[in-house]
1. Hey, any hits in the range 5-13 for a residue that's without any contact (Cβ under 8 Å) to a residue 60 or more places away in the chain, within 15 Å of the ligand (Cβ to nearest atom) and touching a strand residue (DSSP E or B) at 6+ places or on another chain (Cβ under 6 Å)?
2. Confirm whether residue 129 is under 16 Å from the mean Cα position of the chain (by Cα), closer than 19 Å to residue 233 by Cβ and in a loop (DSSP other than H, G, I, E, B).
3. Filter the range 11-33 for residues that are surrounded by fewer than 17 Cβ atoms within 10 Å (Cβ to Cβ), modelled with pLDDT of 95 or more, within 14 Å of residue 239 (Cβ to Cβ) and in contact with a helix residue (DSSP H, G or I) (Cβ under 7 Å, 6 or more places away or on another chain) and give the result.
4. Considering only the range 183-238, how many residues are in a loop (DSSP other than H, G, I, E, B) and either within 15 Å of the ligand (Cβ to nearest atom) or closer than 18 Å to residue 124 by Cα (or both)?
5. Can you tell me which residue among 93, 127, 109 is under 27 Å from residue 53 (Cα atoms), touching a residue at least 24 places away in the same chain (Cβ under 8 Å) and buried (at least 18 other Cβ atoms within 10 Å of the Cβ)?
6. Checking residue 124 against (1) touching a helix residue (DSSP H, G or I) at 6+ places or on another chain (Cβ under 8 Å); (2) in a strand (DSSP E or B): exactly one of these is not met. Which one?
7. Just to be sure I understand, how many residues within the range 167-181 are surrounded by fewer than 21 Cβ atoms within 10 Å (Cβ to Cβ), on the phi < 0 side of the Ramachandran plot and near the ligand (Cβ under 8 Å from one of its atoms)?
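The values are calculated or read from the model by the stated rules, or taken from the named source; none is laboratory data. Only a predicted model underlies this, so the values are computations on that prediction, with no experimental measurement involved. Glycine gets a Cβ as well: all are built from the backbone with ideal geometry, and neighbour counts include every protein chain shown.
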Ligand code: PGA
């Protein structure tokens with residue numbers, strides 16, 4: 001049985017004061033006996049402080065990106081060891097905003113995946129197609145290519161300790177989520193692709209859906225057989241909304 005995971009990706013939002021109030025409200029609202037695992041991914045400068053606020057709770061801490069290199073002259077970058085040092089357990093790799101706005105290639109994402117695992121962080125590998133790719137029937141090919149980039153470097157064994165997030169680019173921040181059937185189709189393809197290499201890993205790897213997840217659509221998305229929770233952007237900045245999404249994953 002896969003434990004559902006609901007991750008809040010705060011992106012470049014928040015302040016020390018806003019974070020403290022968001023986390024406090026969230027900790028009041030997220031049910032302690034919840035079956036779902038909950039993860040918060042604040043911006044780098046707030047990781048340590050948010051980590052302190054989450055201390056002795058069941059809510060995990062993650063970062064939004066990581067450098068592929070272990071250390072050295074890489075101005076502006078943050079290493080996996082640093083993330084581990086400030087209390088992170090997870091890190092997003094290959095978020096579509098990193099791929100699209102900051103030009104991260106499949107091979108760079110694969111190296112970041114390796115860097116994260118080398119420090120014991122759980123990578124959340126984000127994959128997903130653009131609208132143009134979907135409309136030209138290339139969704140499965142694109143997602144498959146993004147997965148292959150990691151599989152060819154790390155092997156299927158690496159997925160045993162990882163999370164995959166399917167996030168159609170056209171659904172991110174647009175208010176237009178993939179329908180449960182559209183998402184399930186891609187999730188099943190992802191799991192099938194992993195199963196062709198290793199059935200046990202395929203059965204255990206968590207595949208999250210991301211892209212305009214809200215309290216009003218979370219339950220029907222999470223009810224699909226291959227959707228194991230969500231990666232939530234905008235709606236993770238509202239404690240009440242995010243807590244309802246977490247409850248929907250129970
Ligand atoms: P959204 O973002 O929920 O605001 O669509 C999801 C994401 O980018 O992870």
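1. The answer is no, given that none of the residues of the range 5-13 is without any contact (Cβ under 8 Å) to a residue 60 or more places away in the chain, within 15 Å of the ligand (Cβ to nearest atom) and touching a strand residue (DSSP E or B) at 6+ places or on another chain (Cβ under 6 Å).
2. Yes: the conditions hold for residue 129.
3. 13, 20, 25
4. Looking only at that region, the number is 10.
5. The conditions single out 93.
6. Among (1) touching a helix residue (DSSP H, G or I) at 6+ places or on another chain (Cβ under 8 Å); (2) in a strand (DSSP E or B), residue 124 violates only (1).
7. Counting residues in the range 167-181 that are surrounded by fewer than 21 Cβ atoms within 10 Å (Cβ to Cβ), on the phi < 0 side of the Ramachandran plot and near the ligand (Cβ under 8 Å from one of its atoms) gives 1.
Yes/no matrix, rows are residues, columns are (1) more than 16 Å from the ligand (Cβ to nearest atom); (2) touching a strand residue (DSSP E or B) at 6+ places or on another chain (Cβ under 7 Å):
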residue	(1), (2)
54	yes, yes
92	no, yes
109	no, yes
115	yes, no
138	yes, no
